[in-house]
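Visitor: Take this structure first; my questions come after.
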Amino acid sequence: EHFYTDMGRVLVALNSMKATHPLHASIATGATSTALTKGLLGPHLYVTVRHAYDGVLKGSADQSIVLTGVSGSGKSRAVRDIVQYLCHCSAKEASHMPTRPIDTMAAKIRGALTILEAFGHAPTQLNPNASRFGLVLGVQFQQGILCG
């Protein structure tokens, strides 16, 4: 089953109430990362994030990803997946460094998301754990490495 389709630069997630796409579990494999970079796997959230990250590496204009949908459509989950993939990309860029500041920064970002979710979720008729806030998440990079 395909979870994603696209319309140009717009990615549409379908069947969001079902289990996570198997690609999420296999992100760490070199073949999967290469296929994502080259766009060989078709529409996917990570392909969209990779395009934005490549824009950061090229030093082009600031990049944005906007998530929208009804309650329970998977926006909060997508934010976590975006952060996970950005941390993965950044860690690969930082792999040559003797110290790994990315590990600390990634933990801080994931921790901040956890705190926001802990205080900002409440049950609704459609979703027992709905976000009750809008989220604008900004991350900074230096030479492709997540720094803030």
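Visitor: List the aspartates and glutamates whose Cα lies under 15 Å from the Cα of K75, skipping any in the same chain that are fewer than 8 positions away.
Guide: Correct list for K75: E117.
Visitor: I would also like to ask the following. Find the eigenvalues of the gyration tensor of the Cα atoms of the range 47-148, then list the square roots of 5 times those eigenvalues as equivalent ellipsoid semi-axes, largest first, in whole angstrom.
Guide: 28, 16, 10
Visitor: Given a 1.4 Å probe and every protein chain left where it sits, what share in percent of the accessible area of the range 48-132 is carbon and sulfur? List each step's numbers first, then the result.
Guide: Numbers: 3010 of 5250 Å².
The computed percentage sits at 57.
Visitor: With bins 5 Å wide starting at 0, give me the P(r) of the range 108-148 over every alpha carbon pair, in whole percents.
Guide: 5, 20, 21, 19, 13, 9, 7, 4, 1
The values are calculated or read from the model by the stated rules, or taken from the named source; none is laboratory data. The structure presented is a predicted model; accordingly, all values stated were derived computationally and were not measured. Side chains included, ligands, DNA and RNA excluded: accessible areas come from the protein's heavy atoms. Shrake-Rupley method; radii C 1.70, N 1.55, O 1.52, S 1.80 Å.
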